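Written out below as structure tokens is the structure these notes cover.
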Amino acid sequence: MNLDDLPIRDDLRGKTPYGAPQIDVPVRLNTNENPYPPSKALVDDLAEEVRRVTGALNRYPDRDAVELRADLAGYLGHGLTPDQVWAANGSNEVLQQILQAFGGHGRTALGFEPSYSMHPIITTGTSTEWISGVREDDFSLDAGKAAAAVAEHRPDIVFLTSPNNPTGTALPLETIVRVLEAAEGMVVVDEAYAEFAREGTPSALSLLPGHPRLIVTRTMSKAFAMAGTRLGYLAAHPAVVQALLLVRLPYHLSTLTQAAARVALRHRAELLGMVDTLRRERDDTVSWLRGKGLTVADSDANFVLFGKFPERRRVWEGLLARGVLIREVGPPEWLRVSIGTGEEMAAFRAALEGVL
């Protein structure tokens, strides 16, 4: 028996699971992780916290993660209170809960592609219809066209991404406002890479007052270098959080996850201290790639989309053969490289020169 023999839902037939290749190579630059591991001080603090909480592992965790949500609200600022913040196992579970609460059979979600490929995957998984909007040739989003698409399709959920994955482009607040004005349903601004945005780039968090149907999602997997913790979160009107309580699984966020996330927030100055280094490395990578005559999308994230390669698989395989793994994702003829350490980026440049 194989998958086709099982009575799965018709809208799942022919689909492939999400996932970047997991290949053991010297330089892995394909999943947008922070390349700098936590310090000994953070590890020691986390070990002590785990020792403290393990004595109560026979009990369920705090079902509503109250202390963690208070810490997250303090980190985000903007006058947010704990009842405006929600957390789950990675931002993907946050997105899934949003779709469970506001999507479903007979409802639609609209996103502007190319964008984060999990948006349509989770949308389909929650029996919500996906509507694909389009971006400009430079991957920007025209505010007027975006608002017109929202007005035309009247989706129950609109997904915006800033900075956008896999292109790296950030959205002006004016574009988000135009979409909010046109939307009848919920508007989700995915800010997974917000900490990497260039200085002066505003966050959609500033728009929360006066926009009760706006949701801003974040993650600790990127700038916080805590991808292994799996902690995502959102900020929204308290009523939105109350809606998510209706669909969240009981005790969904483990005691250990909550503890690890709170320790990371206590050490945020250290963890976020590497953001400027990664920004500089990103900007240097953009300049170097353009110096090689390649086309590069402007990036506010910790990755760079570059091309164009009529045979991008050949380029990807050539880099892999030289011990460098990047991502074959996004529009045809483009490749995406995550920003690593200085040594890793030097290896990427040497390998790409060899391929070119």
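Derivation of every value follows stated rules applied to the coordinates shown; laboratory data play no part. Note that the structure is a prediction, hence the values are computed from the model and not measured. Positions of Cβ are backbone-derived with ideal geometry, glycine not excepted, and every protein chain shown enters the neighbour counts.
What the Cβ-Cβ distance of Glu136 and Leu294 gives, at R0 = 30 Å and to the nearest 0.05, is a FRET efficiency of 0.95. Of the peptides 162-172, 60-70, 209-219, the order by per-residue mean of other Cβ atoms within 10 Å, starting with the highest, comes out as 162-172, 209-219, 60-70. At an R0 of 22 angstrom, the distance between the Cβ atoms of Ser206 and Ala70 translates into a FRET efficiency of 0.60. Here the extension length gained between Arg51 and His252 equals 70.3 nm, from 0.36 nm per residue of separation less the Cα-Cα distance. Based on C-alpha pairs under 8 angstrom that are at least 6 apart in sequence, the chain has a relative contact order of 23 percent. Potential lengthening of the chain between Ser117 and Leu12 amounts to 36.3 nm, from the contour at 0.36 nm per residue minus the alpha-carbon distance. The alpha-carbon of Lys15 sits under 20 angstrom from the alpha-carbons of these aspartates and glutamates, leaving out residues fewer than 8 places away in its chain: Asp4, Asp5, Glu93, Glu113, Glu129, Glu328. Taken as Cα centroids, the stretch 124-149 and the stretch 184-238 sit 19 Å apart, rounded to the nearest whole angstrom.
Considering only Pro82, Pro155, Pro26, the mean-square fluctuation computed in a Gaussian network model of the chain, springs between alpha carbons under 10 angstrom, is largest for Pro26.
Hull volume per residue, based on the alpha-carbon atoms of the stretch 40-267 and their convex hull, is 119 Å³. When peptides 348-355, 318-325 are ranked by their average number of other Cβ atoms within 10 Å per residue, the highest-first order is 318-325, 348-355. With springs only between Cα atoms under 10 Å apart, run a GNM on the chain and tell me which of Asp137, Asp284, Asp298 wobbles the most. Per the Cα network of the chain with a 10 Å cutoff, Asp137 tops the list.
Bridging of Lys222 to lysines at a Cα separation below 21 Å is possible for Lys40, once same-chain residues fewer than 8 apart are set aside. Scoring 111-119, 32-40 by mean Cβ neighbours within 10 Å over their residues and listing the highest first yields 111-119, 32-40.
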